[in-house]
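Novice: The following block contains the structure, expressed as structure tokens.
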Amino acid sequence: MNVVYVLTPDSVPLMPCQPVIARLLLKQGKARVKSRTPFTIQLLAPPEQIYAQALTYGVDTGSSVLGSAVSNARGSVLSLSEVQVRNDIAETMKERARARRNRRNRKTRYRPARWLNRKHSMQQGRFSPTMRSKFDAHLREIRFVRSLLPITSMVLETGTFDPHALKNPEVLQKKWLYQKGINYGFANTKAYVLTRDDYTCQHCKGKSKETRLEVHHIIFRSQNGSDEEANLVTLCKTCHDSLHAGTITLKRAGKKRGTLRHATQMNSIRVQLLKRVEAEETWGFVTKEHRLLAGLPKEHIFDATMIATRGVNPTFGTTSVLSKRCVSDGDYQQTKGVRSEQRITTGKVKGFRKFDKVRYLGKEHFIKGRMSTGYAILMDISGNKVALKPIPKFDKMKRVSARSSWMMTQRPMLHPSCSLISSLSVRH
């Protein structure tokens, strides 16, 4: 069973209703369809009586995926959504910089150099484009849910991470390691590795009689190898050259570069969200305990459910999950060819744009690519190409919704332990 969201003529959210009630209101001409996904109606006249409940909005914040859910005091869940946050901004900006550098070298080679002219990057309190995108994704989802339901309170699950402890758990037992790390007393990591290996080649053990020693990355940096001591080993120049030439092999396990980026980002997301919205704060270990007691699997929507219900065993008044994926406003690439001789159409082609939601052969897809000849490449919300033969034509598809800052679709929530609420008493 799903619910239908209801708005007043002034777009003030009311309690949702059952589909049968929405059907009667539309048939009697007392409401109109406001949105298809999620299905929302807007009353044409102010309601005589407003029936409201205390609704709690729970948000499972995240650096890659965030989940949100809305529940009433009895634990009935009225909204579920999952948002994929963008993590491609840094790489996309690097690609743009490479393209601009290429063009400047060809077109403006003799232009005087400019330095320190990026005022925005030097201002106080500035966040990177990636972090601003993550903040905006959380705030946009909060505004979206508040526009559909009369939220009375909000709970955020946040997390604080200690990157030093995640990198070296030994600091939890030896607090002095925070001040005196593993390189304490050495000029750098290279000096520590040479001392650790007793200034001896770890492959030939000094048999080559080579006096020059070098520090080698076991997993190459080009293969995402770490610069930590666990991925470094002392080799003599003879063995080092032979290793890179492929004549000898090193039987040692290295270490790849750590992935503490998301933990660091979550520290900033927590602080900024608590500054910008009025909400309570809860923690991941509390949510995990409540979720295990309720017998729900580890998913962002179920974490958000337990946050919204405050530990009450939930019942689901809706079985639909809003899946959203944040996308860019447009493509940086404007031309193709080594000398940018071919212009890429960034506007509409046959009335369609990239990321438009379309219906083709009875199913809904998103536009991944367009051809000026009237054909399109379709994809799902995760960006996976849909293999269709013959290639879909624009005149055989219908646009469901125009592109926006995110792609949105509905999917069913399937889990055997989720008991459905038998009736939803919502009146207007």
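The values are calculated or read from the model by the stated rules, or taken from the named source; none is laboratory data. Quick caveat: nothing in here was measured; it's all calculated off a predicted structure. All Cβ positions, even for glycine, are placed from backbone atoms using ideal geometry, and neighbour counts span all protein chains on display. Remember, those area values only see protein heavy atoms, side chains included, never the ligands or the DNA or RNA. Shrake-Rupley method; radii C 1.70, N 1.55, O 1.52, S 1.80 Å.
Novice: Within the range 362-405, take every residue that is assigned to a loop (DSSP other than H, G, I, E, B) and touching a helix residue (DSSP H, G or I) at 6+ places or on another chain (Cβ under 8 Å) and give me the one that is most open to solvent (accessible area, probe 1.4 Å).
Specialist: Applying the filter and picking the extreme gives 405.
Novice: Among what's in the range 335-361 and is on the phi > 0 side of the Ramachandran plot and open to solvent by 60 Å² or more (accessible area, probe 1.4 Å), pick the residue that is modelled with the lowest pLDDT.
Specialist: The extreme case among them is 350.
Novice: Consider only pairs whose beta carbons are under 7 Å apart and that are at least six residues apart or on different chains; among these, list those whose first residue lies in the range 375-399 and is over 22 Å from residue 36 (Cα atoms) and whose second residue is open to solvent by 60 Å² or more (accessible area, probe 1.4 Å) and of a type in the set (Val, Ile, Thr).
Specialist: So the pair list comes out as 375/391.
Novice: Please go through (1) under 30 Å from residue 132 (Cα atoms); (2) in contact with a helix residue (DSSP H, G or I) (Cβ under 8 Å, 6 or more places away or on another chain) for residue 4 and return the number of the only condition it doesn't satisfy.
Specialist: Exception for residue 4: condition (1).
Novice: Condition first: without any contact (Cβ under 8 Å) to a residue 12 or more places away in the chain, closer than 17 Å to residue 232 by Cα and part of a loop (DSSP other than H, G, I, E, B). Now tell me which residues in the range 242-285 satisfy that.
Specialist: The answer is 249, 251.
Novice: Quick one: count up the residues across the range 193-204 that are part of a helix (DSSP H, G or I), touching a strand residue (DSSP E or B) at 6+ places or on another chain (Cβ under 9 Å) and either farther than 18 Å from residue 250 by Cβ or not basic (Lys, Arg) (or both).
Specialist: Narrowing the range 193-204 to residues part of a helix (DSSP H, G or I): 193-196.
Filter once more, so that each one left must be touching a strand residue (DSSP E or B) at 6+ places or on another chain (Cβ under 9 Å): 193-194, 196.
Applying the additional criterion that residues be either farther than 18 Å from residue 250 by Cβ or not basic (Lys, Arg) (or both) yields 193-194.
Summing the residues that are part of a helix (DSSP H, G or I), touching a strand residue (DSSP E or B) at 6+ places or on another chain (Cβ under 9 Å) and either farther than 18 Å from residue 250 by Cβ or not basic (Lys, Arg) (or both) in the range 193-204 gives 2.
Novice: Tally time: how many residues in the range 133-187 are surrounded by fewer than 13 Cβ atoms within 10 Å (Cβ to Cβ), assigned to a loop (DSSP other than H, G, I, E, B) and of a type outside the set (Ser, Thr, Tyr)?
Specialist: Within the range 133-187, residues that are surrounded by fewer than 13 Cβ atoms within 10 Å (Cβ to Cβ), assigned to a loop (DSSP other than H, G, I, E, B) and of a type outside the set (Ser, Thr, Tyr) number 6.
Novice: Taking only pairs six or more apart or across chains, which ones have beta-carbon atoms under 9 Å, a first residue in the range 87-112 that is under 15 Å from residue 330 (Cβ atoms), and a second residue that is of a type in the set (Phe, Trp, Tyr) and surrounded by 10 or more Cβ atoms within 10 Å (Cβ to Cβ)?
Specialist: Every condition considered, the pairs that remain are 92/332; 93/332; 95/332; 96/332; 99/332.
Novice: Further, regarding this structure: Determine, yes or no, whether residue 293 is farther than 20 Å from residue 166 by Cα, without any contact (Cβ under 8 Å) to a residue 40 or more places away in the chain, among the aliphatic types (A, V, I, L, M) and out of contact with any Cys (no Cβ under 8 Å at 6 or more places or on another chain).
Specialist: Working: farther than 20 Å from residue 166 by Cα: yes; without any contact (Cβ under 8 Å) to a residue 40 or more places away in the chain: yes; among the aliphatic types (A, V, I, L, M): yes; out of contact with any Cys (no Cβ under 8 Å at 6 or more places or on another chain): yes.
Yes.
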